[in-house]
Amino acid sequence: MSERIHKLLLWCKENAISIDPRLKIVESEDDSGITVIATDLIIPQTSVVQIPKHSVLSRRTCQFAGVINAAFEDHRLDFDEPNLWLSLVLLTESIQGASSRWHGYLQSFPLSPVPLASFWLDVGGDIDTDSELAYAWIRGTEVERLIQRESGLPKLREFYNSVVASTLQKLGLASNPSVSFEQFRYTYSLVSSRAFHIDAYHGIAMVPIADAFNHVEENQVHFESDYHVCSVCGSFDQCEHDDHDDQPSRASNPTISKSSAEDDTCEMVTNSLIHPNAEVFNTYDSSAPNSKLLVHYGFMLEANSNDMVFFEQAELSLWLEDLDKVPMEGLDDEEGLFQSLGGGDLFFEMEQDEGRGRDTRRSFAINAEGVLSTRLFSLLVLKNMWKARQSGGQNWPASDFFDWLKHSSRHLFTLFVSIIAVLNTAEDDEDDGPPPTPVDDSSFTQETYTAALGICSDTDHLCIQKLQRLGSDATNWETDWGEILDATPPTLVRTRMAITHAMNERNILVACRQTWRDIGELVAARHSLMDAGL
């Protein structure tokens, strides 16, 4: 057992943190952190770690809670991101070194900053070669979009200048050597990659041992903590603050009668069978794509089923001819063009965040299987059916067009489904499989084929436009990026992750493009037969 793990486990014992004896805390293979290994069989629904809430590190439990919470009240409107405030908490404890109550826990952290993608291009700071190369490779990817949308680094620098420096000065912690922005950025990287949401009182916090479990999609343990506590005093039971106007009601909480001592803990609980000598994994976010993992946690999965490539409406308007002339209100039809038909291999329905509804800005997408989202597919149908109808010389009112569209789009859907069935049969290695059900082509009109070919062409065009914007300026999407990855030294960790992520997005677009090119060829063949009267 290493010295830092020995100190961590001793600190956990002193702070009433209970760890199942069948779990072993060990150094990770690259010595960057710690890992959890099972030494024996553990069945589901077992609480394997219990952490009292007084042992989590939050702005409620830290040594300088009074000053930090006062600063929070003064600046919360300008800086409402919880990670910023917990980073300040962690920084004040880290500065104290061995005199901090949390030292035994803090000394187990990796010495190097977590390689969050949001820090790969630190304008105004020192940029190492690895970060510079990595940022070049995420050009045009969802990672770059997320970094630009969140503006994490500028906000961090502003918080450091506006709050951190003055708070440290007030606490007498700003003496030589002065606390640099790089030190604060390091603590932020730890918070971003490790913090848990505890309850209405603590908010987010650093949780010892719970943060030792690494992430996978198919996790064996999960984090549990009762959120419904008093936001003023943290009480699990009824308290004097429950009658306050700004205090959320806890009367509906069915567990409110349980004792506070029993429930004032966080737990790691197993949700599947864990075998001996296997690493035990948590999931930080079961729906997180690699773009989010890279930006918020500093790592990625080699294959992530949550990955998607998104299209902003501005991009679609720029890349699709005459889109500005299409009656876009057709996309807002509650029933949708194809909702009742089921997408199958043609399109997929995007999941909605609870309480947020559908985010129309992020609903035009291609998923990890290269399949179009319902809304993107519907947009292409709407555009091409409108174009096909208008090309006949009739200037239809939108209301009449929508009535016709709901009927005619079913023929278009049937055409696509029949072609997908043919393609799937061709890919099937089993010769004795049933042939696809014949389709009556007589219901398909000239407009059906024209719209179908237009959809295939538009999809190909959108994919090409995205592909041309991916990756480093020094290469292009048709280059063998796998060879570039193989030639990149293992020491360039960020660059290798960036190349891998760019390759994954490229593969999504290439797969989508190839599918719709295959569909287009069969549509064209059937169209030729119709023209020939066959």
Handout entry: Restricting the range 212-237 to residues that are closer than 27 Å to ASN306 by Cα and open to solvent by less than 20 Å² (accessible area, probe 1.4 Å), the residue that is nearest to the chain's Cα centre (by Cα)
Key = HIS215
Handout entry: Residues (open to solvent by 50 Å² or more (accessible area, probe 1.4 Å), closer than 13 Å to ILE34 by Cα and either among the hydroxyl-bearing types (Ser, Thr, Tyr) or not in a helix (DSSP H, G or I) (or both)) located in the range 1-20
Key = MET1
Problem - Neighbours by Cβ (under 8 Å, 6+ apart or cross-chain): first from the range 61-79, touching a residue at least 60 places away in the same chain (Cβ under 8 Å); second of a type in the set (Val, Ile, Thr) and open to solvent by 30 Å² or more (accessible area, probe 1.4 Å) - result: none
Exercise for the section: Identify the single condition in (1) open to solvent by 20 Å² or more (accessible area, probe 1.4 Å); (2) more than 15 Å from VAL207 (Cβ to Cβ) that GLN50 does not satisfy, given that it satisfies every other one. Expected result: (2)
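Answer yes or no as to whether ASP245 is over 30 Å from GLU218 (Cβ atoms), at pLDDT below 90 and loosely packed, with under 12 Cβ neighbours inside 10 Å.
In short, yes.
Do we find that GLU312 is at pLDDT 85 or above and surrounded by fewer than 18 Cβ atoms within 10 Å (Cβ to Cβ) in this structure? Working first, answer last.
Working: at pLDDT 85 or above: yes; surrounded by fewer than 18 Cβ atoms within 10 Å (Cβ to Cβ): yes.
Yes.
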Fill in the blank from the handout: Listed by first then second residue, the pairs whose first member lies in the range 208-228 and is of a type in the set (Val, Ile, Thr), whose partner is part of a strand (DSSP E or B) and open to solvent by less than 40 Å² (accessible area, probe 1.4 Å), with beta carbons under 7 Å and at least 6 positions apart or on separate chains, are ILE209/VAL49; ILE209/ILE51; VAL221/VAL48; VAL221/MET268; VAL221/VAL269; VAL221/THR270; VAL221/ASN282
Practice task
Tell me, please, whether a residue that is farther than 25 Å from SER192 by Cα and of a type in the set (D, E, K, R) can be found in the range 47-68.
Solution key: no
Fill in the blank from the handout: Scanning the range 74-96 residue by residue, the ones that are open to solvent by 10 Å² or more (accessible area, probe 1.4 Å), over 20 Å from ILE198 (Cα atoms), outside any loop (DSSP other than H, G, I, E, B) and not hydrophobic (A, V, I, L, M, F, W, C) total 3
Practice task
Being modelled with pLDDT of 90 or more, touching a helix residue (DSSP H, G or I) at 6+ places or on another chain (Cβ under 6 Å), crowded, with 19+ Cβ neighbours inside 10 Å and more than 16 Å from ARG410 (Cα to Cα) narrows it down to one of LEU470, LEU485, so name that one.
Solution key: LEU470
Exercise for the section: With the checklist (1) open to solvent by 60 Å² or more (accessible area, probe 1.4 Å); (2) over 30 Å from the mean Cα position of the chain (by Cα) in hand, flag the one item LEU522 doesn't pass. Expected result: (1)
Practice task
Name every residue in the range 288-302 that is under 15 Å from GLU142 (Cα atoms), in a loop (DSSP other than H, G, I, E, B) and of a type outside the set (A, V, I, L, M), in order of residue number.
Solution key: PRO289, GLY298, PHE299
Practice task
Return a yes/no flag: does the range 265-274 have any residue that is under 30 Å from VAL143 (Cβ atoms), modelled with pLDDT of 95 or more and of a type in the set (A, V, I, L, M).
Solution key: yes
Practice task
Output yes when any residue across the range 104-112 is open to solvent by 70 Å² or more (accessible area, probe 1.4 Å), outside any helix (DSSP H, G or I) and hydroxyl-bearing (Ser, Thr, Tyr), and no when none is.
Solution key: yes
Fill in the blank from the handout: Residue hits (the range 262-287; closer than 23 Å to HIS202 by Cβ, of a type in the set (S, T, N, Q) and either part of a loop (DSSP other than H, G, I, E, B) or free of Cβ contacts under 8 Å to residues at least 40 places away in the same chain (or both)) are THR283, SER286
Completion exercise
Among the residues of the range 292-309, the number that are small (Gly, Ala, Ser) and either touching a Cys at 6+ places or on another chain (Cβ under 7 Å) or at pLDDT 95 or above (or both) is 0
Exercise for the section: Check the range 508-519 and report whether any residue there is under 24 Å from SER118 (Cα atoms) and open to solvent by 30 Å² or more (accessible area, probe 1.4 Å). Expected result: no
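Given the structure, is VAL191 among the aliphatic types (A, V, I, L, M), crowded, with 22+ Cβ neighbours inside 10 Å and under 24 Å from the mean Cα position of the chain (by Cα)? Reasoning before the result, please.
Details: among the aliphatic types (A, V, I, L, M): yes; crowded, with 22+ Cβ neighbours inside 10 Å: yes; under 24 Å from the mean Cα position of the chain (by Cα): yes.
So VAL191 passes the test.
The values are calculated or read from the model by the stated rules, or taken from the named source; none is laboratory data. Just so we're clear, the structure is a prediction, and the values are computed from it rather than from any experiment. Cβ sites come from the backbone with ideal geometry, for glycine too, and all protein chains shown count toward neighbours. Heads up: the accessible areas ignore ligands, DNA and RNA and are worked out on the full protein's heavy atoms, side chains in. Shrake-Rupley method; radii C 1.70, N 1.55, O 1.52, S 1.80 Å.
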